[in-house]
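Student: The structure that follows is given in the form of structure tokens.
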Amino acid sequence: MIGTGEIIIIAVGIIVLLFGGKKVAEWSRSLGRATGEFKKGKREIEEELEQTKRELGQNEDSVKKFKK
């Protein structure tokens, strides 16, 4: 019985034979760049959310002081 690892290796081999090593390397680089951009965007969104949380926390403290 063939396992998942063997199927992946066979599939990669077939893809390299069909499209050539240069094209597969090109796709890999593009995928790596896209992944990097995705992570960068995710990190920026997380930082923005944290900043907003801090600002909201400061505003809540101001409101509590004002109510007293």
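Please treat every number below as a calculation from the coordinates, not as lab data. Because the structure is a prediction, the values reported are computed rather than measured.
Student: Report the full-extension gain for the segment ALA11 to GLU46: residue separation times 0.36 nm, less the Cα-Cα distance, to one decimal in nm.
Tutor: 8.9 nm
Student: Taking the Cα atoms only, what angle lies between the long axis of helix 21-67 and the longest principal axis of the chain, rounded to 10 degrees?
Tutor: 10
Student: If the elastic network links every pair of Cα atoms under 10 Å, which of GLU47, GLU55, GLU37 fluctuates the most in the Gaussian network model of the chain?
Tutor: Fluctuation is largest for GLU55.
Student: A further question on this structure: Rounded, prolate or oblate, given the Cα gyration tensor of the chain, with a/c below 1.5 counting as rounded?
Tutor: Oblate.
Student: If you find the alpha carbon centre of the stretch 37-58 and of the stretch 6-25, how far apart are they in angstrom?
Tutor: Using only Cα atoms, the two centres lie 39 Å from each other.
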